[in-house]
Amino acid sequence: MPAENVNELLEALRICAAVTDHDPAGDLPSRMPSAIRRHLRGELAALVRRHGTLAGETLSQRTRKRVVLYGDPRFVGPLASALAASGVHRLWIHATGQARLFEAMPAGLRSDDEGRPRGTALADAVWAVAPEADLRPFPGWTVPDLAIIAGPVGAATAPNRCWCAGLAPNSRSALATAWPWSAR
């Protein structure tokens, strides 16, 4: 391709923000291990389109978030895997009991996980896409940045209460009182 055509193409791509001269990887903390930097290059490239020169800082902030996931393993596994792959590396999956065959899902539990402890099997699903993810329970009364109850709406925790301290009544009116937005 002639050089003038390449320059025209690059200029057109710059105008629509598809190409930038800024390297957002330079905005990531220097203490971030190189393996994580490499793992997140695709995510960083996607963030540039929306956040421009703030993409690196946006991703850096995401890596510091703490998320707890609770609920149906068919939803929790793929959701936790997606969060970890997108840069959220501090997750706690609250799962009890044994994995069951019907809970197998892409990016979640596998059929050969049947009979294994759910928490262990879900952790393996996350580590398959983000080996650097930290899945240890949060210490003490650490407040997560986000708590997700994944799955069909059933019992839910009232706001301003520890999600593990008790469950709100399992009715639409009780949920509407606890979380007005949930009844919509």
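Hey, TYR70 hits all of (1) part of a strand (DSSP E or B); (2) crowded, with 23+ Cβ neighbours inside 10 Å; (3) among the hydroxyl-bearing types (Ser, Thr, Tyr) but one; which does it fall short on? For TYR70, the exception is condition (2).
The residue that is least open to solvent (accessible area, probe 1.4 Å), among those in the stretch 32-67 that are in contact with a strand residue (DSSP E or B) (Cβ under 9 Å, 6 or more places away or on another chain) and either part of a helix (DSSP H, G or I) or charged (D, E, K, R) (or both), is THR63.
Answer with yes or no whether ALA99 is in contact with an Asp or Glu (Cβ under 9 Å, 6 or more places away or on another chain), at pLDDT 70 or above and surrounded by 15 or more Cβ atoms within 10 Å (Cβ to Cβ).
Against the criterion (in contact with an Asp or Glu (Cβ under 9 Å, 6 or more places away or on another chain), at pLDDT 70 or above and surrounded by 15 or more Cβ atoms within 10 Å (Cβ to Cβ)), ALA99 qualifies.
Scanning the stretch 52-76 for residues that are more than 30 Å from GLY97 (Cβ to Cβ), out of contact with any His (no Cβ under 7 Å at 6 or more places or on another chain) and in contact (Cβ under 8 Å) with a residue 12 or more places away in the chain returns GLY52, LEU54, ALA55, GLY56, GLU57, LEU59, SER60, ARG62, ARG64. Only residues that are free of Cβ contacts under 8 Å to residues at least 40 places away in the same chain, outside any helix (DSSP H, G or I) and either closer than 19 Å to ALA85 by Cα or out of contact with any helix residue (DSSP H, G or I) (no Cβ under 6 Å at 6 or more places or on another chain) (or both) were counted in the stretch 105-130, giving 9. Scanning the stretch 108-146 for residues that are surrounded by 16 or more Cβ atoms within 10 Å (Cβ to Cβ) and either closer than 23 Å to LEU40 by Cα or of a type in the set (Lys, Arg) (or both) returns GLY108, ARG110, ARG118, LEU122, ALA123, ALA125, VAL126, VAL129, ALA130, ALA133, LEU135, PRO144.
When the residues of the stretch 80-96 are filtered to those that are touching a residue at least 24 places away in the same chain (Cβ under 8 Å), hydrophobic (A, V, I, L, M, F, W, C) and crowded, with 20+ Cβ neighbours inside 10 Å, the one that is farthest from GLY151 (Cα to Cα) is VAL88. Output the number of residues of the stretch 81-104 satisfying the condition of being more than 21 Å from MET32 (Cα to Cα), out of contact with any Ser or Thr (no Cβ under 8 Å at 6 or more places or on another chain) and either of a type in the set (A, V, I, L, M, F, W, C) or part of a loop (DSSP other than H, G, I, E, B) (or both). The number of residues fulfilling the criteria is 7.
The values are calculated or read from the model by the stated rules, or taken from the named source; none is laboratory data. Owing to the predicted nature of the structure, the values given are computational and were not obtained by experimental measurement. Cβ sites come from the backbone with ideal geometry, for glycine too, and all protein chains shown count toward neighbours. When the accessible area is computed, the model is the full protein with side chains, heavy atoms only, and any ligands, DNA or RNA have been set aside. Shrake-Rupley method; radii C 1.70, N 1.55, O 1.52, S 1.80 Å.
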